[in-house]
Amino acid sequence: MLRLITPIIFIIFGGIYLILTFNMTRAKIGDPNAPLYFPALIGIFLVIISIVYFVQEWKQRKETVEEVKQLFKGRTPFLIIASLVLIFIYSFLFERIGFLYSTILFLTGLLFVVNGRKQWIKNILIAVIFSFVAWYSFAELLDVSLP
Amino acid sequence: MGVDYQYVIEGFITAIQPANILWVIIGGFLGTVVGMLPGLGPATAVAVLIPVTFGMEPTSALILMAAIYYGAMYGGSRSSILLNTPGDGSAIAAAFDGYPMTKKGQAGQALTISAIASLIGGLFAIIGFIILAKPLAAFALKFGPAEYFLLFLFTLSAIVSLSIGNMVKGFISMSIGLILSTVGVDLQSGVHRFTFNIPQLSEGIDFLIVIIGIYAVGEVFYNYMSLDRIKKEKKKVGTKWITKEQWKQSKWPIIRNGPIGFLIGVLPGAGGSIASMLSYTTEKQLSKHPEKFGKGAIEGLAAPESSNNAASVGAFIPLLTMGVPGSGTTAVILGAVVMLGLKPGPLLFENNPEMVWTLVDSMFIGNIFLVILNILLVGLLVRILDTPPKILYPLILVLAFIGTYTLSYSVIDFYILVIFGVIGLMMKLLNFPVAPLILAIIVGSDMEQSFRKSLVAHDSFVNVLVASPVTIALVILTILSICYPFFIGWLRRRKQSRA
């Protein structure tokens, strides 16, 4: 039955999109409805095609979704969640402590998570060198301003 | 013939300026390295390296991006041949006979023939480009909004029906892309659409963030799944010199499949994956020893390699002459080109001919450089391939964040990036093709504008469809492209029931 969740999400999404489309402010110049034609067409198309998708999945509803199961195998869930947490910390620190320090911290953290704790010297070295090279090439060579 | 020899030569002179040669070399090398990473393909390479082009002069930026693109095509074949891990669709066919060759200890020869085949395929395609581009651009100059709208529609339906897997999922993916492109202030009326009073949304969702999110963050997350499964195998590369016998076997497949690949690349929606698969099956059917295919037949590697590189050059034709990308990767390049303030399309040939021809000539130089790189430095490249992905994936993630930040200098985009990364991961897990979404989000706005303009010009939707011979042809092509998978399915069922 898990298979049916995705098509239902798309049907609901398409429905909400259509409702929003028809409640949109109308244009003051030209054809008042002009801004909605295109979104309305896509919305209707999405709902119809999602219903087709639902029917397809309904026919094989008893089969399990193998692909999604892989996501919960081994280290994968830990890797993804840890990466997400590090990304949030990185986003929080990025403008506060600057590009260089926050990137060194972020990359060290990521390497510890992904590459493992045993190679800690390598992890820290790579993080520091890569962050510095990135900072130097963007800020100095390419004139991109980084905090 | 509509070839401007003068511009071709002038472009060549610009292309051999030291700075531009440097960009070709840097781009080709970086592209090769990212393309070589198991599981990552040209789209990721271009997406991650887009920020490098900021602040560059448009011509150089274009040269660099193209070099990254075909560099990644070369690199993708390396990982297919050596590790059996193709980075994207266009490199799959290279693994069929490339990897068996590696297992037989002929990795060096496999890499050499793949590089030579790619070069010859690429050169064919560049000649094809020089001949075809100008007339096509002149033809596209006559296109009005109705023609453009239907051209976009055809491209989208072609990419959906040709993308491997489920067509329904492809259309859903396309619809989501189009929906994302409608967010923001409407260009014609100034109406705020789907912005929910969030000021950041009034300019719309930046498609480059979506691209980087899906192709870089999503791909890295997806590759986490196979992280611990990648085995370290010590491979004997063997000699890189191919024998006379091997050259005799692969000579004609290479020459035959270059033009095939080029023409497929020119078609919207097709691109390298279809080109290389088609070349592989054609050669197998032509071969006197089809049973050798899949067991390390050198011609089975040479043919798809020639054709996929030719297709990658051919794909620049619709991109530059009409502003319509034919594949996910060229859509990413289009996104980056638009960022640079250029508008690809027939007018590009009128207004900036020197830029177009410099690009084309730089591809010529780039392909030669890449062959030298790939043959002489085989040892170094193999060693780069030995760099554990466990180190490279985090670096790709960091590059994705730097790239995103340089787009708008706002950390809020980091969250949008991650959201699209997770969406990209889910799409891959649920087998939704990504290319229709990327293509749709990039052409969506232009498609809507031309749709509305054509409605105004032709009063009703039916009139838009029959506005000119070109629109009628495009409508027929669109219908054919949608029916094509059903037709193939029907053929297959009939074959099965006979057998």
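No lab work stands behind these numbers, since they all come straight from the coordinates. None of these values were measured; they are calculated from a predicted model. As a convention, Cβ positions derive from the backbone with ideal geometry for all residues, glycine included, and neighbour counts pool all protein chains shown.
Below is a table of values for the structure above.
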item: Cα gyration tensor, chain B - rounded (a/c under 1.5), prolate or oblate; result: rounded
item: Pair A:ILE97, B:TYR484: separation of 7 Å Cα→Cβ label points (nm); result: 5.3 nm
item: Shielding score for B:410-416, defined as the mean number of other chain Cβ atoms within 10 Å; result: 3
item: Residue order, fewest to most beta carbons within 10 Å, for B:PHE461, B:PHE143; result: B:PHE461, B:PHE143
item: Mean Cα-pair separation over length for the range B:5-498, i.e. relative contact order, pairs under 8 Å, 6 or more apart, %; result: 28 percent
item: A:TYR37-B:ARG383 FRET efficiency (beta carbon distance; Förster radius 60 Å; 0.05 resolution); result: 0.60
item: Phi-based couplings in Hz for the range B:78-87 (Karplus 6.51, -1.76, 1.60; Gly and Pro marked x); result: 4, 6, 5, 6, 7, 10, 6, 10, x, x
item: Phi-based couplings in Hz for the range B:25-30 (Karplus 6.51, -1.76, 1.60; Gly and Pro marked x); result: 5, 4, x, x, 5, 4
item: Long-range HN-HN contacts of B:ARG193 with modeled amide H, under 5 Å; result: B:GLY184, B:VAL185, B:ASP186
item: Values of log10 I(q)/I(0), in the order q = 0.10, 0.12 Å⁻¹, for the protein assembly as shown under a Debye, Cα-only, solvent-free model; result: -0.94, -1.40
item: Estimated FRET transfer efficiency (B:LYS495, A:VAL52; beta-carbon r; R0 22 Å; 0.05); result: 0.25
item: Centre separation in Å (Cα based) which lies between the range A:63-127 and the range B:427-464; result: 37 Å
item: Cα gyration tensor shape of the range B:340-457, rounded if a/c is under 1.5, else prolate or oblate by comparing a/b with b/c; result: oblate
item: Between the range B:90-122 and the range B:301-327, the alpha-carbon center distance in angstrom; result: 19 Å
item: Ratio of Rg to Rh over chain A (Cα coordinates, Kirkwood Rh, two decimals); result: 1.19
item: Peptide ranges B:130-141, B:67-78, A:99-110 listed from the most packed, as the mean C-beta count within 10 angstrom indicates; result: B:67-78, A:99-110, B:130-141
item: Packing-based ranking, highest mean first, of B:372-382, B:18-28 given that Cβ atoms within 10 Å are counted; result: B:18-28, B:372-382
item: Within 10 Å of each Cβ in B:173-180, the average number of Cβ atoms from other chains; result: 5
item: Shielding score for B:442-453, defined as the mean number of other chain Cβ atoms within 10 Å; result: 2
item: Helical mean residue ellipticity (222 nm; -39500 (n - 2.57) per DSSP H run of 4+; nearest 500) of chain B; result: -24500 deg cm²/dmol
item: HN-Hα J in Hz across the range B:259-273 - Karplus 6.51, -1.76, 1.60, θ = phi - 60°, x for Gly and Pro; result: x, 4, x, 4, 5, 5, x, 5, 5, x, x, 7, x, x, 5
